[in-house]
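Quick note: the coordinates plus some simple rules give every number you see, no bench work behind them. Everything numeric here is computed off the predicted structure, so don't read it as measured data. Backbone-built Cβ (ideal geometry, glycine too); neighbour counts: all protein chains shown.
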Amino acid sequence: MRSLESFPRVSLGVFPTPVQKLENISRLLHTNVYVKRDDLSGLGLGGNKVRKLEFLLADAKEKGAELVFTTGGAQSNHAMLTAAAAGKLGMKAILILKKRGVTACKGNQLLEKLMGTEVRFVDTDDYADIYAEMDRVGKELGLPYYKIPCGGSNALGSLGYVSCARELRDQGFRPDYLICAEGSGGTMAGLSLGAKLFLPGTKVFGMMVDTDPFDRITPALMREAAALLEAEVQITEEDFHLRDMCGPGYAIASREGNAAVSLMAEQEGLFLDPVYTGKAFAGLLAMAGEGAFKPEDKVLFLHSGGAGGLFAVDMNA
């Protein structure tokens, strides 16, 4: 198998991120609940995209790119962090975002303004339109450019979370359950493949916060990332688990998600967001309520960041 160190990588984050036990939540749920603090990953407001961007922007640098494009919704955490990372590396970022969600100057839009990031909105639901616009703008500007997909979720970006699974092993922490938000596929795919390689016995659950066909997206990304690693592994349906926590829709707050955000804030002083981590933690709470966890289990929740959304998204669900 090819080592993760053999891939080009830029240093953007502060790793390893800590694993902390949620003592109050553990007592409430009658099991052992921990959090992997990827909200403390060091760039911007932190979050899961930093691990992906270390691989993606290294590839961009190697290919001579001076301009980086990416996309997402108006309040995309990934887009904001891509802009932060590109600036840190001396590259220009242009965000071509869907005109969906809160476009006013608050939340991640405010952070992008502070960084002087160029943001363009396209009124479409089709990412093919977005990527075509990237090509049009890139050619118009005449700079060598690099396109990063929504969420940084391709095979190369997924290696960031294969690396995270190995990091957990090296920290001496082997959870029985690992729970994360599933929003574009790369984090879940990387964790699932990483668990298969480095954390045998860990069950990875992706809490779906969008309506994309993640039952197809997740294994496809796992196989593509495994091919990059030249890892001889068989990907089966047993290697990943999905649960629908989308509620009324992507980027629309849900009652369960809002309750989970409040519970985490009240009990542990940690802030989740209503789009990703709040809904994912609501999924963990639902599993606990269904008796999925034994008292002796170790249940690890990936805090993938996204606090900027708290200051933009309407939580009146």
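Highest mean first, how do 79-91, 179-191 rank when packing is the count of other Cβ atoms within 10 Å averaged over residues?
179-191, 79-91
Normalized C-alpha radius of gyration of the chain, against 2.2 N^0.38 Å?
On the way: Rg = 18.5 Å, N = 317, 2.2 N^0.38 = 19.6 Å.
Relative to the rule-of-thumb radius for its length, the chain sits at 0.94.
Express in whole angstrom the spacing between the alpha-carbon centres of region 1-23 and region 41-68.
13
Compute the long axis of helix 127-141 from its Cα atoms, compare it with the longest principal axis of the Cα atoms of the chain, and write down the angle in degrees, 0 to 90, nearest 10.
40
Helix 277-289: angle to the longest alpha-carbon principal axis of the chain, degrees 0 to 90, nearest 10?
20
Apply the Karplus parameterisation 6.51 cos²θ - 1.76 cosθ + 1.60, with θ equal to phi minus 60°, to every residue of region 291-296 and state each ³J(HN,Hα) to the nearest whole Hz, in sequence, with x for glycine and proline.
For region 291-296, the Karplus-derived couplings read x, 5, 10, 8, x, 8 Hz, x marking Gly and Pro.
Normalised by the empirical 2.2 N^0.38 Å for globular proteins, what value does the Cα Rg of region 49-152 take? Show your work: numbers first, answer last.
Details: Rg = 12.5 Å, N = 104, 2.2 N^0.38 = 12.8 Å.
For region 49-152, the normalised Cα radius of gyration comes out at 0.97.
Quick one: helix 77-88 against the long Cα principal axis of the chain, what's the angle to the nearest 10°, folded into 0 to 90?
The angle comes out near 60 degrees.
Quick check: residue separation of Asp129 and Ala286 times 0.36 nm, minus the Cα distance between them. What number comes out in nm? Please report the intermediate quantities before stating the final value.
Values: separation 157, 0.36 × 157 = 56.52 nm, distance 3.74 nm.
Additional length available on full extension: 52.8 nm.
First check a/c for region 221-317, with a ≥ b ≥ c the square roots of the eigenvalues of its C-alpha gyration tensor; if it is under 1.5, answer rounded, and if not, answer prolate when a/b is larger than b/c or oblate otherwise. Walk me through the numbers on the way to the answer.
Values: a/c = 2.14, a/b = 1.55, b/c = 1.38.
Judged from the Cα gyration tensor, region 221-317 comes out prolate (a/c at least 1.5, a/b above b/c).
With a ≥ b ≥ c the root eigenvalues of the C-alpha gyration tensor of region 175-229, is it rounded (a/c under 1.5), prolate (a/b larger than b/c) or oblate?
Oblate shape, in that a/c is at least 1.5 and b/c is the bigger or equal ratio.
Compute the FRET efficiency between Glu118 and Asp170 as 1/(1 + (r/R0)^6), taking r as their Cβ-Cβ distance and R0 = 41 Å, and round to the nearest 0.05.
Working: r = 39 Å, r/R0 = 0.95.
The formula returns an efficiency of 0.60 here.
Starting from the Cα-Cα distance between Ser6 and Lys21, subtract it from 0.36 nm times their residue separation and give me the gain in nm to one decimal.
Here the segment from Ser6 to Lys21 would lengthen by 2.1 nm.
What does DSSP give for the chain in terms of the percent of beta bridges that are antiparallel, rounded to the nearest 5?
Bridges in the chain that DSSP calls antiparallel: roughly 10 percent.
Of the listed pairs Lys61/Lys279; Lys52/Lys279; Lys98/Lys203; Lys196/Lys279; Lys21/Lys294, which have alpha-carbon separations greater than 28 Å here? Each step should come with its number before you reach the end.
Working: Lys61/Lys279 35 Å; Lys52/Lys279 22 Å; Lys98/Lys203 34 Å; Lys196/Lys279 25 Å; Lys21/Lys294 16 Å.
Violating the 28 Å limit, Cα to Cα: Lys61/Lys279; Lys98/Lys203.
Please report how far the C-alpha centroid of region 211-284 lies from that of region 90-153, rounded to the nearest whole angstrom.
Cα centres, region 211-284 to region 90-153: 24 Å.
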